[in-house]
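Data block below; observations after.
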Amino acid sequence: MLVVVTLYPLLYVTFASFSDAGQLITHKGFLIKPLGFSIEAYKSVFNNPAILNGYKNTIFILFFGVITNLVVTALGAYVLSRKNVMWNRVFIFVVVLTMFFSGGLIPLYLVVKGVGLIDSLWATILPFAVNTFNLIIMRTAFMAVPESLEESAKMDGANHFVILFRIIIPLSMPVIAVMILYYAVEKWNGWFYASIFLKDRDLYPLQLTLREILIANNTDSMSSGANAAEQFQIGETIKYATIMVASVPILILYPFVQKYFVKGVMIGAVKG
């Protein structure tokens, strides 16, 4: 029963996206199959340059954002996981403090504007290079790696970068996979800060474009050539098709990292 309740909203959106617009608009109640199979909504979505442009911008944010997140988080976690670092506990206290107190949106905007990142996709990447919660999870995973391996590497002349990238990270792949999933979902679904920092519509990520379509009911550009009544009907199926187009890629990613998910999360949950 719980599975049905969880899956039905996704199934409803899927069926509605493949339904005939005229039949869908008059249908009431549950939807257990597409009403008159049609892919016109998907044709309209993929013919919309804003959707394709949103995909391009989101993929840029996702690719460079996740790489930036992983590198910065791994470097920070490695430093905080070493016992011989001076003022280690002070650094950890300062890091944890940011989970409870932040500078606020206006100071963040002024900083981003001050460094010239307004109207740049990097404004959605660099200010969010590390997530404190993820940093603590990765630090805990790094602490689980036996110190004897690090000592042996140092005796062979390895520096900290060699120890991190050739020993610590390869032995912490479950938590790395979880970090990729966490950061990828965050980047894929991110729209709020993009709406603050990006004014050029050509830079809008996919979710911000989707928000405009769903909230502002802006489907006219995808249903041109139809009269007002037809535009309203087609607009409903276009909304569902747009949701599917925006959701399916991240749903496809999840099964590939699922086997690491529980193990990676448990590492951060058991040790602190």
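Throughout, read-outs are computed from the coordinates displayed, never taken from laboratory work. It should be emphasised that the depicted structure is a prediction, and the values quoted were computed from it without experimental measurement. Here the Cβ positions follow ideal geometry from the backbone for every residue, glycine too, while neighbour counts run over all protein chains shown.
If we count chymotrypsin sites (Phe, Trp or Tyr not before Pro) as exposed when they sit in a DSSP loop and have at most 16 other beta carbons within 10 Å, what is the longest stretch of the chain that avoids them all?
Details: sites that count: Phe30, Phe37, Trp87, Phe100, Phe101.
By the stated rule (loop sites, at most 16 other Cβ atoms within 10 Å), 102-272.
What is the spin-label model distance, in nm, from Met143 to Leu7 if the labels are put 7 Å beyond Cα along the C-beta direction?
A separation of 4.0 nm, rounded to one decimal place.
For the range 50-188: lysine pairs with Cα atoms under 29 Å, gap of 8 or more or different chains, count? Could the numbers behind the result be given before it?
Working: Lys56/Lys113; Lys56/Lys187; Lys83/Lys154; Lys113/Lys187.
So the count works out to 4.
Can you name the helices of the chain, as whole DSSP H runs, whose Cα span along the helix axis is 15 Å or more and whose Kyte-Doolittle mean is not below 0.0? If you can, show how the numbers build up before the last one.
Numbers: long enough: 2-17 (24 Å, 1.89); 49-81 (46 Å, 1.36); 132-143 (16 Å, 1.22); 173-189 (24 Å, 0.99); 228-270 (58 Å, 0.96).
Span-like helices in the chain: 2-17, 49-81, 132-143, 173-189, 228-270.
Out of Leu181, Val111, Phe133, whose Cα points farthest toward the positive end of the dipole of the chain (charges: +1 Lys, Arg; -1 Asp, Glu; placed on Cβ)?
Going by the charge dipole, the pick is Phe133.
What FRET efficiency do you get for Asn189 and Val85 if R0 is 25 Å and r is their Cβ-Cβ distance, rounded to the nearest 0.05? Walk me through the numbers before you get to the answer.
Working: r = 34 Å, r/R0 = 1.38.
So, using R0 = 25 Å, E works out to roughly 0.15.
Picking from Val248, Met143, Val94, whose Cα lies most toward the positive end of the charge dipole for the chain (charges on Cβ: Lys, Arg +1; Asp, Glu -1)?
Met143
Across the range 38-47, in residue order, what do the Karplus-derived ³J(HN,Hα) couplings come to in whole Hz, using 6.51 cos²θ - 1.76 cosθ + 1.60 with θ = phi - 60° and x for Gly and Pro?
3J(HN,Hα) across the range 38-47, in whole Hz: 8, 10, 4, 5, 5, 4, 5, 5, 6, 7.
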